[in-house]
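The values are calculated or read from the model by the stated rules, or taken from the named source; none is laboratory data. Note that the structure is a prediction, hence the values are computed from the model and not measured. Don't worry about glycine lacking a Cβ; one is built from the backbone with ideal geometry, like all the others, and counts go over all protein chains shown. These accessible areas exclude ligands, DNA and RNA; they are computed on the full protein's heavy atoms, side chains included. Shrake-Rupley method; radii C 1.70, N 1.55, O 1.52, S 1.80 Å.
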Amino acid sequence: MLRVILRTKWGSEEHNRLKRLFEHMSAMLKPHTGGDRGLHPSEAALSDACLRRCALFKKGKFQDLMNRAVTDGEKFHKRFYKLPYAIRGQGTTGDAPQRAAEQSNADFLAQLREENPAATSEDLTMMIIEGAGHTDPAAWPTGPDEAQDPAAFLRRIQAGSPPPSAAQPREVPKEAKAQRAVQELQNGQLAKGFRTLTGPGPANNDGRAQLLGLNTGAPLPTTEAHPANAWAAPSDEDTDRYLTVEKLLQAARRSKRGGAADSLGIRISEDFLDLLLHGSTDAKEAFRRYICKPYYTGAQPQGSPPPEILHGGTLLALSKSPKPGVRPIVIGSAIRRLTVRAALDGLTPALDAYFTKSHERVIQLAGGAPDGATRAFKLMEQVLEQNVQDDPRPPDEKLANPWSVLCCDRTNAFNRVARSPALDNLAGVASRDYDFRPDGTARIRKGTELLYCTKALQPLAAHIHAVYTQPARLRHRCKASGTVIDILATTGVQQGDPAAMLLWNLALHPVLCRVMDRHPKVLAICFADNVLLLGLAQDVLAAQHDLEGQLCRDLSATPNHKESYFHAPAWTAAGLTTDTIPAAFRDTAARVAPDLATRLNEIIRLEGITVLGYPLGSENYCRGVLKKLHEKICKDLPTLEQLDDGLAYLHLLRF
């Protein structure tokens, strides 16, 4: 019956009928660990005997694999890292000789036939579909000759050729979105379920050009100027301290069920949690030592796929609607993400102290401590309110040079940031020139020891060096055209990498500290790439002019002028308009920040501003923000009517 289900069109009436019958029969035949329900066909497909060779990581097989690893660890170590990529054609780089790829395919199919002597050619083709993570054959329809020629079909899958039906844009049916939302709610993901129903989802347009512009075009960082031991693999003692079975278990528990699978079809919660909870002590240690440790140390076993494959992943282009552009999200290796999350657990306190205490007027609140956005807003609000109330200057001077806040944002900061600054922060030495003067000369020369650096992330230094000093292959399937492209990313950090925000902060923090040293009357409060500058208007504008130039040169970070705002509470209280802003202020702006002076009217917000989702300004402005939020909620309410599950409806209504 499983074979029949896999050959029927997904979502059809026949498919749904057979699926319900399968669940009913499996519940009668054998109790399932998930409760009294039957075994879902997709779960059965993942644990079917024919997939032993094709899908090493699937549910129900992992503990057996780890038990084998206990007795033959080194051999399993190499096999684990090499085999799963063979079926995807990712064991060799794109410029490898064709003969080597054909021989690899021939060896793979020979072993598949040996393990399944009774299988027909059509059965082998079905195994390839399932092993590649496609339980729906309709998504990869075989050609007239491919059903009898598994080698030809394997070559087409490896080439990433799309199915003919994917050439046309296809909207996701509302029923499918509702079913997915209910499943996410059952997994405890209220926010994700709500976004599935109401959010724009993947981009419908062809975003290939935008993705190429975001992730490529910059040279890879060089590290020859760094100390010889800067990127040494951590010692066994450090590894045992920061990468323990207990921390891996905690990281797996924090992973939500139903999350996106990586390129091998692995999900952290579904595929690793059972092993870490119920596996034997030896099996857990084998998983830590042979599977996670190579990613942690940055040294995979001989014969593993190239680093560009191990450190790459699936690239999703999410829509920013109603804003233009796409938001690229990378689904990297589940093993790598689990390993990094576990290692970061013990580093968060030291990183938070570095980002909040290394400079008295630079406070970065996205360093790992919880609720950073709220802390950043409340701190900014209190500092600004206190200084406005305690300002002893005459009224005219208060209006000409008021206490103010300037909010700065970057355009696709994570994807465009240069990688060298973060690596130089970890190494403590500049690999290139930094901190340029107006005449173009650098204050910091290549090879100079850097200030405001940290060793708090040193236990992960080898891993970060391995991932971000080499290109990573990101595979993107365009929803609009149905085409598949591979992008060799050489710039930015991967959104989806647990260490991505920390790496951005490591790049930004020394730049902010150096700029604030030159502007002693300005306070910088940050949450990731959102920078809030507080102080008297003259000082804030001068600091922003300096900071913008340094970020463009040092980090390759482009300012987002549409999301940058200037607000002065004294102007709001005085009821000023754009035409009645004191001329002295405009003269000062033209003198200290000529680039900002030309667009002052675009960035000035007299009524108020919204900072990290919180309104700041007059009572009318705050009421207006709440009214828009109320209107959005009312607009989203009809989408909940798609849900047939009453409990799911109630949970989302409360959310």
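Quick notes on this one:
- For the range 544-588, the set of residues classified as under 24 Å from the mean Cα position of the chain (by Cα), open to solvent by 30 Å² or more (accessible area, probe 1.4 Å) and more than 12 Å from C407 (Cα to Cα) consists of C552, S556, T558, listed by residue number.
- Each residue in the range 436-478 was checked for being closer than 21 Å to P328 by Cβ and in a loop (DSSP other than H, G, I, E, B), and 4 pass.
- Residue pairs whose Cβ atoms lie under 6 Å apart, separated by 6 or more positions or on different chains, with the first residue in the range 577-603 and farther than 16 Å from A542 by Cβ and the second assigned to a helix (DSSP H, G or I) and hydrophobic (A, V, I, L, M, F, W, C), are P582/L399; P582/A400.
- Every condition in (1) open to solvent by less than 20 Å² (accessible area, probe 1.4 Å); (2) in a helix (DSSP H, G or I); (3) not charged (D, E, K, R) holds for L533 except the one numbered (2).
- Any hit, the range 500-508, residues being within 20 Å of R327 (Cα to Cα), in contact with an Asp or Glu (Cβ under 7 Å, 6 or more places away or on another chain) and not in a loop (DSSP other than H, G, I, E, B): yes
- The set of residues in the range 322-359 that are in contact with a helix residue (DSSP H, G or I) (Cβ under 6 Å, 6 or more places away or on another chain) and open to solvent by 30 Å² or more (accessible area, probe 1.4 Å) comprises R341, D345, G346.
- Residue-level analysis places V493 among those that are within 28 Å of E563 (Cβ to Cβ) and of a type in the set (A, V, I, L, M).
- Residue within the range 448-455 that is of a type in the set (A, V, I, L, M, F, W, C), within 21 Å of the chain's Cα centre (by Cα) and over 14 Å from Q550 (Cβ atoms) present: no
- Every residue from the range 360-397 that is surrounded by fewer than 20 Cβ atoms within 10 Å (Cβ to Cβ) and either under 23 Å from H545 (Cβ atoms) or of a type in the set (A, V, I, L, M, F, W, C) (or both): E360, R361, A369, A373, L379, V383, N387, V388, E397
- The one condition in (1) among the hydroxyl-bearing types (S, T, Y); (2) within 30 Å of A543 (Cβ to Cβ); (3) surrounded by fewer than 22 Cβ atoms within 10 Å (Cβ to Cβ) that T483 fails to fulfil: (2)
- Taking the range 581-655 and the helices (runs of 4 or more DSSP H) fully enclosed by it, the elements with 2 or more residues that are modelled with pLDDT under 90 are at 594-597, 600-603, 619-636, 646-654.
- The condition of being over 24 Å from F377 (Cβ atoms), outside any loop (DSSP other than H, G, I, E, B) and small (G, A, S) does not hold for A570.
- Listing of helices (runs of 4 or more DSSP H) fully contained in the range 187-282 that carry 2 or more residues being among the β-branched types (V, I, T), modelled with pLDDT under 80 and in contact with a helix residue (DSSP H, G or I) (Cβ under 7 Å, 6 or more places away or on another chain): 190-198
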